[in-house]
Amino acid sequence: MLQDRGALQKARQRYAQALAEEQKKILVCAGTGCVSSGSLKIHARLLELLEEQGLPYTVELQAEPEQGLIGVKKSGCHGFCEMGPLVLIEGEGILYTKVHLEDCEAIVDKTILKGEICESLVYHCNEQPYVRREEIPFYKKQTRIVLEHCGLIDAESIQEYLAVGGYQALEQVLFEMTAEQVIAELTASVLRGRGGAGFPTGLKWQEVYQQKALPKYVVCNGDEGDPGAFMDRSVMEGDPHRVIEGMLIAGQVVGASRGYIYVRAEYPIAVRRLQTAIIQATELGLLGQHILGTDFSFALEVYRGAGAFVCGEGSALTASVAGRRGMPRVKRFRTVAQGLFEQPTLLNNVETFANIPSIITRGASWYRSIGPATSPGTKTFALTGNITNTGLIEVPMGMTLREVIFDIGGGLRDQAEFKAVQIGGPSGACLGKDDLDLPLDFDSLKKADAIIGSGGLVVINDKTCMVELARFFMSFTQKESCGKCIPCREGTKRMLEILEGIVAGKGRHGDIELLLELSDTISGAALCGLGKTAPNPVVSAIKQFRREYEAHIQDKRCPAGTCKHLARIFIDTEACKGCGKCAKACSIGAITGTAKAPHVIDSLRCIKCRACIETCGFDAVKEEA
């Protein structure tokens, strides 16, 4: 139990020395992606091999420094998910990619015992090997603030978090700064909320601080329901104490004594590591009563959500924590005045809270030096889709889409042609080739009728149908609609019906105009922000790729060749042997012909089931867009 500031400083110094005394550190990625690929078995196998070799190792940071130990740790996500499972050897900074169980012996024999490189395990790009992590193009252009510890420390160790300077910002706030000074520092930093809206963080904290009603609450939004998004999950898994420290600082500043971290139950590793971190912080006296001997007391609880997308909206989230159905409310009062349990509530997302410790310790001017003046700092993004290097990245605000996709992401997979990127998830927008040099910051994207959202980036190649993509996002939004307001409940359903008709070859003249009209109605009349932004993917896709919509409706043709109902299936008469297998496979009798003579498909009757294509042994049944 850390009784005072001096005890915290001594503990931090002791653990920093213990971390430095470790001869080598083997950091096995234990983020969700690598765990699903078998990284925990790799961790266990490495321990077995070290034991067999009689090498001294530890899986936990020792309270007393001991020279020569090899630290074998389960770290958080390294970000380079496409190359997992990942194993990092520190202090050489060697990153091994796509490690298999059988590679563990080579890692121990060559790298740990002999100090040699396993050439086959390092990352290769264009036949060039990259041994050190920071040299890999995927990492080279990144600026990691929120993710600075992810992949580099034991994700489940408060001792290692202290060793790298953890809870120093909390110490500074408790003993050196007033609430007004902290708010002034955040305001000067121009930190804007990373949940998507970009609201000034200092202003929000100021508004909660000024509320007179008690009790007050601090709530962290870790719901993250966007398809393809995993930024907040990775932070909670890889550096949970950083989030907790940000929330503790918030509680001290606004006068709250209780906090909640709202995490969807679909994130079991994040939930478990947060709960572990809360227990550890409580045992050390960094959570609970009279923290570090001060008058500040703060309790923290993880609340698991059932996975409703709408609970990412603030009023729906607080309703869910309070035990009610997660549905948004009419904003007669803002959350800062009446949020959780109708009390003043400070609600920020995971990434916003994770930025706080660095701003306090390094200063507002340092933070403003990164990125553009109106959107300083960094942003985490989840790179997914048709891109070579999928994964988690953190880049300075203002970096262009071109740099993110082609320099960090390695361009499109299989040398495909870039077509578009969906940014901001189901509430976001499609950006095309003309937008590749668009800076990724709040104001630049707003001018392009797009939003950063929580940070999802889905890269799309030229083989993707933009009408089908819009249908997918609208299907997701419609299913996730809470149903409370008619514009969202019925409007998204009607938009989905129109889009389904278009991709099924039943599009009609006026469908595009009707989609745009419905979008205006929903955006203007829906109750919550999620409803208002639900039409965004459709509107942006029409704006960028209207001709593709027109081809579906007018020509009954899918330019990308992916909408099966718009494809034409025919029989190549020169290749057909007249075996009759295709006719037997056709369940509706759309194929006719005589034995040993070319057969014919009635295109009006064909339902595009493709059974004939799968049955033909002579490659005579063809399909064209």
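The numbers here are math on the coordinates, done by the rules we state, and not lab data. Note that the structure is a prediction, hence the values are computed from the model and not measured. Heads up, the Cβs are rebuilt from the backbone with ideal geometry, glycines too, and the neighbour counts pull from every protein chain shown.
In terms of packing, defined here as the mean over residues of other Cβ atoms within 10 angstrom, the peptides 39-45, 148-154, 454-460, 500-506 line up highest first as 454-460, 148-154, 39-45, 500-506. Neighbours of Gly483 by Cβ distance under 11 Å: Lys/Arg scored +1, Asp/Glu scored -1, total +3. The local environment of Tyr217, defined by Cβ-Cβ distances under 11 Å, has a net charge of 0 under the rule Lys, Arg +1 and Asp, Glu -1.
The spacing between the stretch 31-62 and the stretch 467-545, judged by their C-alpha centroids, is 49 Å. Basic side chains Lys and Arg get +1 at the Cβ, acidic Asp and Glu get -1 at the Cβ, and with that the dipole of the stretch 1-156 about its Cα centre reaches some 600 debye.
The fewest-to-most ranking of His290, His241, His599 by surrounding Cβ atoms within 10 Å reads His290, His599, His241. In the stretch 19-133, taking the dipole from charged Cβ atoms about the Cα centre, the farthest positive-side position among Leu55, Leu113, Leu40 is held by Leu40. Using the Cα coordinates of the stretch 376-470, the gyration tensor eigenvalues translate into equivalent-ellipsoid semi-axes of 19, 15, 11 Å, sorted from longest to shortest.
Across the chain, C-alpha contacts under 8 Å between residues 6 or more apart give a mean separation that, scaled by the residue count, equals a relative contact order of 11 percent. When peptides 155-166, 472-483 are sorted by average Cβ neighbour count within 10 Å, with the highest value leading, the order is 155-166, 472-483. Are there trypsin sites (Lys or Arg not before Pro) in the stretch 528-606 that DSSP puts in a loop and that have at most 10 other Cβ atoms within 10 Å, and which ones? The qualifying sites are Lys596. Relative to one another, the C-alpha centroids of the stretch 363-382 and the stretch 159-174 are positioned 22 Å apart. Sorting Phe570, Phe406, Phe381 from the fewest to the most surrounding beta carbons within 10 angstrom yields Phe570, Phe406, Phe381. Taking a ≥ b ≥ c as the square roots of the Cα gyration tensor eigenvalues, the chain comes out oblate, since a/c reaches at least 1.5 and a/b does not exceed b/c.
The string of couplings for the stretch 433-446 from the Karplus curve (6.51, -1.76, 1.60, θ = phi - 60°) is 4, 5, 9, 4, 9, 6, x, 8, 8, 4, 6, 5, 5, 4 Hz, one whole number per residue in order, with x for Gly and Pro. Taking Cβ atoms as reference points and 14 Å as the exclusive limit, the residues near Val131 contribute a net charge of -2, counting Lys and Arg as +1 and Asp and Glu as -1. Over the stretch 24-105, Cα pairs under 8 Å with separation of 6+ residues give a relative contact order of 44 percent. Database remark: amide H of Thr58 closer than 5 angstrom to the amide H of Ile70, Gly71, Val72 (H placed geometrically; neighbours at sequence offset of 5 or more, or on other chains; Pro and chain starts carry no H). Scanning the chain for DSSP H helices at least 27 Å long along the axis (C-alpha atoms) with a Kyte-Doolittle mean no lower than 0.5 picks out nothing. Overall, the chain carries a charge dipole of about 2320 debye about its Cα centre when +1 sits on the Cβ of Lys and Arg and -1 on the Cβ of Asp and Glu, all other atoms neutral. A simple charge model with +1 on the Cβ of Lys and Arg, -1 on the Cβ of Asp and Glu and nothing else charged puts the dipole of the stretch 166-368 at about 660 debye relative to its Cα centre. Can you run phi through the Karplus equation (6.51, -1.76, 1.60; θ = phi - 60°) for the stretch 114-119 and list ³J(HN,Hα) in whole Hz, with x for Gly and Pro? Ordered by residue, 3J(HN,Hα) equals 10, x, 9, 9, 7, 4 Hz. Distances between placed amide hydrogens fall under 5 Å for Gly339 paired with Thr345, all partners being 5 or more residues away or on another chain.
Near the amide H of Asn348, within less than 5 Å, lie the amide hydrogens of Val219, Asn221, all on another chain or at least 5 residues away, with H placed in the peptide plane. If both residues of a DSSP beta bridge must be in the stretch 19-133, then about 60% of such bridges are antiparallel. Note on the chain: antiparallel DSSP beta bridges, both residues inside, total approximately 55 percent of the bridges counted. For the stretch 383-399, backbone phi angles converted through the Karplus equation (6.51, -1.76, 1.60; θ = phi - 60°) give residue-by-residue couplings of 8, 9, x, 8, 10, 4, 10, 6, x, 10, 10, 9, 10, x, 3, x, 5 Hz, Gly and Pro being listed as x. The stretch 244-282 and the stretch 548-625 have their alpha-carbon centroids 57 Å apart.
Cβ-to-Cβ counts within 10 Å put Glu417, Glu66 in ascending order as Glu417, Glu66, the fewest first. For the stretch 466-554, the Kirkwood estimate of hydrodynamic radius, built from reciprocal distances between every pair of different alpha carbons, is 12.6 Å.
Hey, if you put +1 on the Cβ of every Lys and Arg and -1 on every Asp and Glu Cβ in the stretch 567-624, which of Ala583, His599, Val621 ends up farthest toward the positive end of that dipole? Farthest along the dipole direction, towards plus: Ala583. Provide, for q = 0.10 Å⁻¹, the log10 of I(q)/I(0) from a solvent-free Debye sum over equal Cα point scatterers in the stretch 166-368. Values returned for q = 0.10 Å⁻¹ are -0.37.
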